[in-house]
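Input: a single structure, listed below in structure tokens.
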């Protein structure tokens, strides 16, 4: 049995999509391997998973103890290498990316595979001291001293290590609008930053685990949609589950931030959370939130076709009865009358035409349990 999408999302973000054995940035060419094989009792949880590129995954799986060549990776070594890389990324995602980017030059000068070196030596390197220019660019971004559109250009003028320092600090300050605007401007507009997807996944993971509703709303409001849909589906699933939970709490201050913003990126919803989102959207459309309710009402009337179908899947007799007084739901059914599923045409027609208890008598068996 493979690892779940949620497990994969967590470990791929923790390693910044860097292979734990060869330390190369892999992009989409990464897999979750079992440290202890399932056949030997290994679990499908995070602690038994190691992110590997295709080549390294094949290598550790093809070792034949009957005809050994070389030395097999032990479980302890795999765990040690994985945890060391996790620590590198946790200390600063961009610093880890820079280390990965330097692999080519190190291999050319030393002739040996960098994977033969101890990653602990890299992790224990002296702390980086940023230049005065880097500090000035960071301060300008945090204080919004200049136009946010000029930030990527300033960033390109810095050295690689200085650029890493500035971006990492902005990630830490993402809950503040100036930092969020600067980061999203880089992710959306600067092709020179090859790590933009990894940066975005780091931001989404951080805001999901530790972010305030304000930080989550900034992601929803500012994230480039074309990049957002490329984020690991498991990570997006956990992120949107958090968003839906806030919508369902129905605290006005929170939903007035979250609901208008999430409508903008609903095309990025993974299939696993669409029904949860639609249910929350219908409830929010009938709420008293002065920004959340109008946004949800507008969203219901402009859903993409796949989400329209999701509403029809949810809108059975019981759901209609429980939302009897929802005018937004009635408006939705009226607008999409020509798209009604044939097996629910009578149900929806009665919902729009009958009185509440007449509808219940006709379509529900036991109203008292609802």
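The values are calculated or read from the model by the stated rules, or taken from the named source; none is laboratory data. No experiment lies behind these values; they were computed from the predicted model shown. Cβ atoms come from the backbone with ideal geometry, glycine included; neighbour counts cover every protein chain shown.
State yes or no: is residue 230 part of a loop (DSSP other than H, G, I, E, B) and either assigned by TED's automatic domain parsing to the domain that holds residue 26 or in contact with a helix residue (DSSP H, G or I) (Cβ under 8 Å, 6 or more places away or on another chain) (or both)?
yes
Taking the condition farther than 23 Å from residue 206 by Cβ and surrounded by fewer than 16 Cβ atoms within 10 Å (Cβ to Cβ), does residue 226 pass?
Spelling it out, it is not the case that residue 226 is farther than 23 Å from residue 206 by Cβ and surrounded by fewer than 16 Cβ atoms within 10 Å (Cβ to Cβ).
Mind telling me which of the residues 101, 115, 84, 96 ends up being in contact with a helix residue (DSSP H, G or I) (Cβ under 8 Å, 6 or more places away or on another chain), surrounded by fewer than 20 Cβ atoms within 10 Å (Cβ to Cβ), modelled with pLDDT under 80 and assigned by TED's automatic domain parsing to the domain that holds residue 13?
Just a single option satisfies the conditions, and that option is 101.
For the range 203-212, state whether one or more residues are without any contact (Cβ under 8 Å) to a residue 60 or more places away in the chain, part of a helix (DSSP H, G or I) and either assigned by TED's automatic domain parsing to the domain that holds residue 303 or more than 18 Å from the chain's Cα centre (by Cα) (or both).
Scanning the range 203-212 turns up no residue that is without any contact (Cβ under 8 Å) to a residue 60 or more places away in the chain, part of a helix (DSSP H, G or I) and either assigned by TED's automatic domain parsing to the domain that holds residue 303 or more than 18 Å from the chain's Cα centre (by Cα) (or both).
So, in the range 31-62, exactly how many residues are in a loop (DSSP other than H, G, I, E, B) and modelled with pLDDT of 85 or more?
Summing the residues that are in a loop (DSSP other than H, G, I, E, B) and modelled with pLDDT of 85 or more in the range 31-62 gives 8.
Check the range 63-78 and report whether any residue there is in contact with a strand residue (DSSP E or B) (Cβ under 8 Å, 6 or more places away or on another chain) and modelled with pLDDT of 90 or more.
yes
Would you pick out the residues in the range 1-14 that are in a loop (DSSP other than H, G, I, E, B) and at pLDDT 85 or above?
Result: 3, 4.
How do the pairs read when you match residues in the range 127-154 that are free of Cβ contacts under 8 Å to residues at least 40 places away in the same chain and at positive phi with residues anywhere that are in a helix (DSSP H, G or I) and surrounded by 11 or more Cβ atoms within 10 Å (Cβ to Cβ), using Cβ under 9 Å and keeping only pairs 6 or more apart or on different chains?
Close Cβ pairs satisfying both conditions: 144/177; 144/178; 144/181; 144/182.
Return the total of residues in the range 338-356 being surrounded by 12 or more Cβ atoms within 10 Å (Cβ to Cβ) and either in contact (Cβ under 8 Å) with a residue 40 or more places away in the chain or assigned to a helix (DSSP H, G or I) (or both).
Qualifying residue count, the range 338-356: 10.
Would you mind stating whether residue 301 is assigned by TED's automatic domain parsing to the domain that holds residue 221, within 30 Å of residue 208 (Cα to Cα), in contact with a helix residue (DSSP H, G or I) (Cβ under 7 Å, 6 or more places away or on another chain) and buried (at least 18 other Cβ atoms within 10 Å of the Cβ)?
Taking the combined requirement at face value, the residue does not satisfy it.
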